[in-house]
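Chemist: Take this structure, written in structure tokens, and hold onto it; I'll ask about it next.
Here, each number is a calculation from the coordinates, and none is a lab measurement. Not measured: the values here are computed from a predicted model. Neighbour counts are summed over all protein chains in view; Cβ atoms, including those assigned to glycine, are modelled from backbone coordinates with ideal geometry.
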Amino acid sequence: MAEFDVIVIGGGPGGYVCAIRCAQLGLKTACVEGRGALGGTCLNVGCIPSKALLHATHELHEMHENFDKMGLTNAKVKVDWAKMQSYKQDVIDGNTKGIEFLFKKNKVTYLQGWGSIPAAGQVKVGDEVHSAKNIVIATGSEAASLPGIEIDEQTVVTSTGALSLPKIPKSMVVIGAGVIGLELGSVYKRLGADVTVVEYLDAITPGMDAEVAKGLQKILTKQGLNFVLGAAVSGVEKSKSKNTVKYTLRKDDSAHEIEAEVVLVATGRKPFTGGLGLEALGVEMLPRGQVKTNDHWATSVPGLYAIGDAIVGPMLAHKAEDEGMAVAEVIAGKHGHVNYDVIPGVIYTTPEVASVGKTEEVLKQEGRAYRVGKFSFMGNGRAKAVFQADGFVKLLADATTDRILGCHIIGPGAGDLIHEVCVAMEFGASAQDLALTCHAHPTYSEAVREAALACGDGAIHA
Ligand code: NAI
């Protein structure tokens, strides 16, 4: 008899959510985690700590930019970096302890240590081997660096080091204008560093709606971030006092360099599956290092499943969570499902950027007939009242059926606003369905409704 029905390897958002759902469905469940705290990259060195720093520095920015305009005069705040770091740590600790509590509440056994799979149906943690009818790999991802760059997590850092720098640097070069680069670049810019983002492509935020990407670059430039686009970084040279980033401009192959106290390498992440013993088990892998799974997250080895950053798809905590819940249902004999067409993405800059569904560029490529409804936050009273009128909502709907195909928002609270569109898309709603739904005034959400109105007979406040 197997000791457990399910052992989940990895206690990040994919793994811990999967373990809790398995237990809720009556399966005897254990979750293995080696970092000494639950929550994975997201809670310990990713989403959550970065949001703490983004929040604190956003408040600082508000004080500098807007307090005086509101009659809050003579506000002077000093940045205590050590205290900001301990605030960040408290936020992390509160969240990770919360998961331990949820494990106890749901009777999930927490196995502390790094897990491996010596044979099908077995998980080794430390010196102990546990047996399980089903094993779920939820081991996440790690930062992918570039050849010619040696990460020391001191002055040449990934997001992990960037969240815990010993002091605020005077200058920072960010390699990669993706999500991590822009979020953490914003943090240090607001703290006073001179920040330059060097990006290989000719636009920031690859894969994002081009109009939104352009709008975001304009706003971030206004906030003081410098951008070098179309630039392939080939290496970083370290000396005692500085780092020199070397890059080639793709348009003319000219070689350039730029110096900075700290270099943040934010050029993507790769699946973290080393040490699990997958090769010896004969688990089929994909060329880019992900575990190959079928529609039910089953690998090529019976009883072995994989979810989250370790498999294909966007490396997002909420995508992993959804897969964690769905695979738990599959294992319990139910019908777990993830709708990959409706997975929102958010960048937590100020203003936030959020998107779901298809971009205009993809619709064009597909040759689809679509309508665009656009509404600027300039026409939104609430946004204007709080100096956040930069940005817009762009809703894309099928030209014939009016069914919503995508939504792209840059503006205040975008990361929350996007969800009404997600729900609408899950229910197969039309733009008119959104337009006919009463939205409270004054809210940012009215901008979403106005964009939906703009898909039809026209927005009111445009
Ligand atoms: P990313 O894939 O979003 O962006 C990496 C950028 O680096 C790309 O724009 C790429 O063109 C550029 N690049 C690659 N090689 C380069 C070179 N040699 N020189 C110059 N530029 C180069 O990766 P990022 O920002 O590191 O994020 C990793 C993962 O973590 C992503 O999948 C992201 O979705 C996820 N994440 C999500 C967050 C969120 O949802 N808010 C927050 C943080 C991370």
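Chemist: Spin-label point model (7 Å from Cα, Cβ direction): what's the residue 432 to residue 240 distance in nm?
Modeler: Reported label-point gap for residue 432 and residue 240 is 7.4 nm.
Chemist: Rg to Rh ratio, the stretch 82-201, alpha-carbon atoms and Kirkwood radius?
Modeler: With Rg and the Kirkwood Rh in hand, the quotient comes to 1.09.
Chemist: Another one. With no other cysteine's Cβ closer than 4.7 Å, which Cys residues of the chain count as lacking a disulfide-compatible partner?
Modeler: Singleton cysteines: 18, 22, 31, 407, 422, 438, 455.
Chemist: log10 I(q)/I(0), Debye, Cα-only the chain, no solvent, q = 0.07, 0.08, 0.12 Å⁻¹?
Modeler: Normalising to I(0) and taking log10 leaves -0.40, -0.53, -1.16.
Chemist: To the nearest µm²/s, what D does Stokes-Einstein give for the stretch 333-436 at 10 °C and 1.306 mPa s, using the Kirkwood radius over alpha carbon pairs as Rh?
Modeler: Value of D from the Cα-based Kirkwood radius: 110 µm²/s.
Chemist: Just the Cα atoms of the stretch 245-397, one point each, no solvent: what log10 I(q)/I(0) does Debye give at q = 0.10, 0.11, 0.21 Å⁻¹?
Modeler: For the stretch 245-397 at q = 0.10, 0.11, 0.21 Å⁻¹, log10 I(q)/I(0) is -0.65, -0.76, -1.24.
Chemist: Per the Debye formula with a single identical scatterer at each Cα and no solvent contribution, what log10 I(q)/I(0) holds for the stretch 156-267 at q = 0.14 Å⁻¹?
Modeler: -0.51
Chemist: Arrange 363, 220 by Cβ neighbour counts within 10 Å, fewest through most, would you?
Modeler: Starting with the residue having the fewest Cβ neighbours, the order is 363, 220.
Chemist: Taking neighbour Cβ counts within 10 Å as the exposure measure, how do 18, 422, 31, 438 sort from fewest upward?
Modeler: 438, 422, 31, 18
Chemist: Here's another thing I want to ask about it. Given the convex hull of the Cα atoms of the stretch 30-132, what is a quarter of its surface area in nm²?
Modeler: Average of the hull's projected areas for the stretch 30-132 equals 9.2 nm².
Chemist: For the stretch 391-462, taking Cα atoms only, what is the radius of gyration to one decimal and the Dmax to the nearest whole Å?
Modeler: When restricted to Cα atoms, the stretch 391-462 yields Rg and Dmax of 10.9, 32 Å.
Chemist: Let me ask you something else. Among the complete DSSP H segments of the chain, which ones combine at least 15 Å of alpha-carbon extent along their axis with a mean Kyte-Doolittle hydropathy of -0.5 or more?
Modeler: Those that clear 15 Å and a mean of -0.5 are 13-24, 47-65, 179-190, 210-222, 317-331, 414-426.
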